[in-house]
Structure formats: C-alpha cells, structure tokens
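A.B. asks: Please read through the structure below; I'll follow up with questions.
The values are calculated or read from the model by the stated rules, or taken from the named source; none is laboratory data. Computed from a prediction, not measured in an experiment: that's the story for all the values here. As a convention, Cβ positions derive from the backbone with ideal geometry for all residues, glycine included, and neighbour counts pool all protein chains shown. With ligands, DNA and RNA removed, areas are computed over all heavy atoms of the protein, side chains included. Shrake-Rupley method; radii C 1.70, N 1.55, O 1.52, S 1.80 Å.
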Amino acid sequence: MTNKLIQDLQWRGLLYQQTDEEGMEKLLDDQKISLYCGVDPTADSMHIGHIVPLLTLRRFQMHGHQPILLVGGATGMIGDPSGRNEERQLQTTEQIDRNVEGIKVQMEQIFDFQSENGAKMVNNRDWVGKMSVIEFLRDYGKLISVNYMLAKDSVATRLETGISFTEFSYTLIQAIDFNHLYNEHNCRIQIGGSDQWGNITSGLEMIRKTHDEEAKAFGITIPLVTKADGTKFGKSAGGAVWLDPKKTTPYEFYQFWINAADADVIKYLKIFTFISREEIEALEVTVETEAHLRKAQKTLAEEMTKLIHGEDALADAQRITKALFSGDLKALSSSEMKAAFKDVPSVEMAKESKSIVDLIVEAGISSSKRQAREDVTNGAISVNGEKVTDLEYVVDEKDRLEDAFAIIRRGKKKYHMVQFQ
C-alpha cells in the first residue's frame, strides 16, 4: 500500500521526478528521516515561486520527519546556471550575509523549529568556505567527470551562449552539500524544483562514490507551477510577489491569492495550503456551483496570508479589502491607503490649492471641465473616501495624506492616486 505521505503528495500534484520511487517509499515506511531543501540567498527575501519545495518539506515534517534548511552562503556567491541564459551578477559577502538573515526570518515563519523533529538551518559556507582549492579538486573534482556534468541540462543549454567555470562548478558544490549532510546529519532525501534534477543527481552520484556500503539517498523534484492559461505563476502587476512585507505588503499578498482564477484556485489550494483533501474537494464543488461567492479564493488568500504574515496581518488585509469593497476609505490609515492603491493610475502634481474641477481635469480623471462638473454634481467624485458634490470645493493641504498624496475615486471603482511634489 502506498505510503500516506506519498499518496498525499501525489494527490496534490507535488511529485514530478523521483530517483527511486520504491526505495524511497520503503525508507519512509521504515523510519523517520532527515531531508533537505536548499535556497540560495540571491535576494534578501524569497518570493512565492521559491516556496513550493519548502512547503513540501514542511509536509514531511508534519509526518514526523526532520527538515534541514540549507541557505546557500557559498553557492549563492557562485550562481546556479539552472534556468538561466546568462551569468549571474556576483554579490559581495556582505550582501549575501544580509540576504541570509532575511531568508532565515521567513523560514521561521514556515517551519516548526521547537518540536522533537524541529527544523535545522545550515549554511553551506560553513563547510565549503573552509575548503582549499587543492582539497576541492582532489577530494571532489575527481569524483564527477566533465562528460557527466556536460550532460546536465543546466550546463548543456548554456554551452552555445557560454558558461564560466564558476557556474559550471555549481553542480559539483551542490553535490558536496548533499554528501556533507548525508555524512553529518544522516540526510537521506533532497527536494528541489524541477530545474534542480541535475544538481540533485550529482549529489547522489557523489554519495555513491564516497561510501563503501550501499548508500541509500534519494531525490525528488516538484513540478513547475503554471497558470491554467500557460503563463508564468507568481507575478502580479507590480512584479514578483515577495514574502517580505516591505516588498509586497500583506494586503497585496492577500489580493494576489484572492484574485486567483477559478481554473487555478483548486490546484493552488492543493500545492500551497495544508488544509485537508476533504476541505479542498468541498471547495472544488463551490467553484463549480457558486463561483461568484469565491469561497475557494477566500480560503486560499486567508491560509497563505496567515502562514507567511500571521493572524494580525491577515486581519488587516481583510479590513482593507472590506473598506475598498464598501468604498469606506475613511476606515483606513494613510499608510493602508498607500498600500492598497499602489498599482492604481497615478499622476504627479504640484503642492498647490486647486478647485476639485481643475484637479480632476488636470489629473486626467475627467475628460473635460464640462464632464468634471457633471461628475461632481452627480456625486461621482470622492476624495480620500469623502464624496465631493460642491463645485467650489478646494483640494488643499487638508486633503493631502502624509502631505504627499490623495486618492480620488470616480464612479464606483475607478481609483486614481494624485501624488503631490
């Protein structure tokens, strides 16, 4: 009978490739193990595209296994050629250290570090950084042939455009990582995205060659997440959806998930959330029978915002969403308004008093003075959530939030940000 965890991963669509399906299943049936996933600190925050292998690792932890989280202080300085057509811009040691700290905070949000099988965090600079060039070439370079490395997709796809020896050696250093964790932490499985298959199998090859006994290590990759229309997952109008609340506010994060298409939402619930199969199947019925209620999207947005940003941030995101839906902007602070309207059409204007009619014409909110007067008298214009019907109303410092911007709404849903310089 298929292992319950494996069964769940298959149902959620989280298994793409496995090096030895039968052997790994037997291992998981027989004992609790350690397994790892690596993240290179190329930025000071992860984005949602990074977290699918990590969330999968968390599922193993929930079944009693111990996750090892490898932050690549060494590999991050080299650059993974996987999925890239050009060399990475190398970062300084100081940048990498800052990035590692940012990523650690986010790992602590996702994993349990306190229980008996609490997560461990390691940095590969602690062992790779101590290695001399001679040691690297003699002890490890002899184990993996150039022919073997050239056959890897990550290298083969770069041969025409060119690849430096630095990035060419990346797979060898990742192999050293798996071998080190196998030796020091009895780590038996590596999990990665589908682009990591070559790096994972290099690690298994090194483990095989450095152990006399039959080494029992395994690799799993997770499929690339795509939208139903085939476009790339994980991008919003403002770019990548980051886990750092300073880069992507909890409100924007919540909105990203709540705007998931009906065709995608059940897949996302399976991949990203920890709610049960029964709950997801019940939500699938609501997508088919009462899609307008968007119950599945609301659940997805709630679960993800709570997981990454916590209960308080979720409550704030829901409050902002409710205020925008009802048009009651007065319920929001100026910083919440700024976050909520970050991506609406924006125009810059001088800090001077203007009549409401002149302002909305100059800002391009109404097409002409005649239209502007009609919009105001009809009650179609509001400033920071307050309806303006007086044609003589003057927009001045009292309307400038943080002395920097105002939110003008025309009609029910057309918002504009006027930024005062």
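A.B. asks: Of everything in region 28-50 that's within 13 Å of G219 (Cα to Cα) and touching an Asp or Glu at 6+ places or on another chain (Cβ under 9 Å), which residue is least open to solvent (accessible area, probe 1.4 Å)?
C.D. replies: This residue is Y36.
A.B. asks: A follow-up question, please. Evaluate region 145-161: report whether one residue or more is of a type outside the set (D, E, K, R), surrounded by 15 or more Cβ atoms within 10 Å (Cβ to Cβ) and closer than 24 Å to I68 by Cα.
C.D. replies: no
A.B. asks: If you don't mind, there's one more thing I want to ask. Of all the residues that make up region 385-411, how many are of a type outside the set (G, A, S), open to solvent by 20 Å² or more (accessible area, probe 1.4 Å) and either within 15 Å of F341 (Cβ to Cβ) or in contact with a Leu (Cβ under 6 Å, 6 or more places away or on another chain) (or both)?
C.D. replies: Final tally of qualifying residues: 5.
A.B. asks: Further, regarding this structure: So how many residues does region 364-384 have that are in a helix (DSSP H, G or I) and open to solvent by less than 60 Å² (accessible area, probe 1.4 Å)? Reasoning before the result, please.
C.D. replies: Step one: list which residues in region 364-384 are in a helix (DSSP H, G or I), which gives 369-377.
Next cut, open to solvent by less than 60 Å² (accessible area, probe 1.4 Å) only: 371-372, 375-376.
The qualifying residues number 4.
A.B. asks: Can you tell me which residue within region 280-333, out of those that are under 24 Å from the mean Cα position of the chain (by Cα) and more than 26 Å from R59 (Cα to Cα), is most open to solvent (accessible area, probe 1.4 Å)?
C.D. replies: R319
A.B. asks: Check whether at least one residue in region 259-277 is of a type in the set (S, T, Y), over 27 Å from the mean Cα position of the chain (by Cα) and surrounded by fewer than 18 Cβ atoms within 10 Å (Cβ to Cβ), and report yes or no. Please lay out each step first, then the result.
C.D. replies: Step one: filter region 259-277 for residues of a type in the set (S, T, Y), giving 268, 273, 276.
Filter again for over 27 Å from the mean Cα position of the chain (by Cα), leaving none.
So far as region 259-277 goes, no, none of its residues is of a type in the set (S, T, Y), over 27 Å from the mean Cα position of the chain (by Cα) and surrounded by fewer than 18 Cβ atoms within 10 Å (Cβ to Cβ).
A.B. asks: Which pairs turn up if I take residues in region 269-282 that are in contact (Cβ under 8 Å) with a residue 12 or more places away in the chain and look for partners that are loosely packed, with under 14 Cβ neighbours inside 10 Å and in a helix (DSSP H, G or I) with beta carbon separation below 7 Å, at least 6 apart in sequence or on another chain?
C.D. replies: Cβ pairs passing all conditions: R277/W11.
A.B. asks: Can I ask one more? Go through (1) at pLDDT 90 or above; (2) open to solvent by less than 50 Å² (accessible area, probe 1.4 Å); (3) within 30 Å of L150 (Cβ to Cβ) one by one and return the number of the condition A215 breaks.
C.D. replies: Tallying (1) at pLDDT 90 or above; (2) open to solvent by less than 50 Å² (accessible area, probe 1.4 Å); (3) within 30 Å of L150 (Cβ to Cβ), A215 fails exactly one: (1).
A.B. asks: Take region 176-200 and flag every residue that is of a type in the set (D, E) and over 20 Å from L55 (Cα atoms).
C.D. replies: Start the filter on region 176-200 by keeping residues that are of a type in the set (D, E), which leaves 177, 184, 195.
Those that are of a type in the set (D, E) and over 20 Å from L55 (Cα atoms): D177, E184.
Residues are listed down the side, and each one gets a yes or a no for (1) of a type in the set (A, V, I, L, M); (2) part of a loop (DSSP other than H, G, I, E, B); (3) out of contact with any Lys or Arg (no Cβ under 7 Å at 6 or more places or on another chain):
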| site | (1), (2), (3) |
| --- | --- |
| G118 | no, yes, yes |
| W127 | no, no, yes |
| Y140 | no, no, yes |
| I144 | yes, yes, yes |
| L159 | yes, yes, yes |
| E167 | no, no, yes |
| L172 | yes, no, yes |
| I176 | yes, no, yes |
| N179 | no, no, yes |
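A.B. asks: Would you mind stating whether T286 is closer than 30 Å to F178 by Cβ, hydroxyl-bearing (S, T, Y) and either modelled with pLDDT of 95 or more or outside any helix (DSSP H, G or I) (or both)? Give the steps one after another, and end with the answer.
C.D. replies: Working: closer than 30 Å to F178 by Cβ: no; hydroxyl-bearing (S, T, Y): yes; either modelled with pLDDT of 95 or more or outside any helix (DSSP H, G or I) (or both): yes.
So T286 fails the test.
A.B. asks: For residues in region 146-157 being in a helix (DSSP H, G or I) and of a type in the set (S, T, N, Q), which is nearest to E87 (Cα to Cα)?
C.D. replies: S154
A.B. asks: Restricting to region 334-358, count the residues that are within 15 Å of N384 (Cβ to Cβ), open to solvent by less than 50 Å² (accessible area, probe 1.4 Å) and either within 32 Å of the chain's Cα centre (by Cα) or without any contact (Cβ under 8 Å) to a residue 12 or more places away in the chain (or both).
C.D. replies: Residues in region 334-358 being within 15 Å of N384 (Cβ to Cβ), open to solvent by less than 50 Å² (accessible area, probe 1.4 Å) and either within 32 Å of the chain's Cα centre (by Cα) or without any contact (Cβ under 8 Å) to a residue 12 or more places away in the chain (or both): 7 in total.
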